């Protein structure tokens, strides 16, 4: 049995986790903080901020968003407010400035809980993919498409893949949690 499709599904879950963790506001400016924010434009389109606007990290606490169409700044500002990212944009007429406030201990603990929740969600996704893979190898065995040795080998290979993915997820979350709790 080829486990490549299952490995790809698991890797997509890990990639999603990494992307979500990068977008967390942890007291330092990063273009990732605004990268996934959708802006509803005046002429009916919806685009992500970096697709239309230039995002610059000015220093460790400041993000600057510049646009060529100054009439769209209000829409950008509204999208940032509506994103529940905890960011407060300041419309400077020709650009938007976002100051990243330093995190207090309480906020760090809240973000760490959020990271743990993401971790649990991704672990659940990995378990679902494992269940599908195990069902498929069991079905192949029941349908006499593979022998018992191949079935056991497939199960071991699936479990090995799950262990590798889970170790990877644990490592990513541990590093991010430590980063968040650093004062």
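Each reported figure results from applying straightforward, stated rules to the coordinates on display, with no laboratory input. As the structure is a prediction and not an experimental result, all values here were calculated from the model. Cβ coordinates were reconstructed from backbone atoms using ideal geometry, including for glycine residues, and neighbour counts include every protein chain displayed.
For this structure, a couple of remarks:
- Taken over the chain, the alpha-carbon convex hull comes to 130 cubic angstrom per residue.
- Sorted by Cβ density within 10 Å, fewest first, the residues 43, 16: 43, 16
- Label point at residue 168 placed 7 Å out along Cα→Cβ; residues across the range 110-141 whose backbone nitrogen lies under 17 Å: 119-131, 133
- If R0 is 25 Å, the Cβ-Cβ spacing of residue 47 and residue 99 corresponds to a FRET efficiency of close to 0.55.
- Note: the range 18-91, Cα convex hull, 86 Å³ per residue.
- Taking a point 7 Å from the Cα of residue 69 along the Cα-to-Cβ direction, the residues of the range 32-59 with backbone N closer than 14 Å to it are 39-54.
- The range 27-99: relative contact order in percent, alpha carbon pairs under 8 Å with at least 6 residues between: 29 percent
- Value at 222 nm in deg cm²/dmol, rounded to 500, when DSSP H runs of n ≥ 4 in the chain each add -39,500 (n - 2.57): -20000 deg cm²/dmol
- Potential extension, residue 110-residue 178 segment - 0.36 nm per residue separation minus Cα distance: 23.1 nm
- By other beta-carbon atoms within 10 Å, ranking 2, 142 with the fewest at the front produces 2, 142.
- P(r) histogram, all alpha-carbon pairs of the range 104-183 included - 5 Å bins from 0, percent: 3, 14, 19, 15, 12, 10, 9, 6, 5, 4, 2, 1, 0
- Gyration tensor verdict on the range 42-136 (Cα atoms; rounded if a/c is under 1.5, prolate if a/b is larger than b/c, oblate otherwise): oblate
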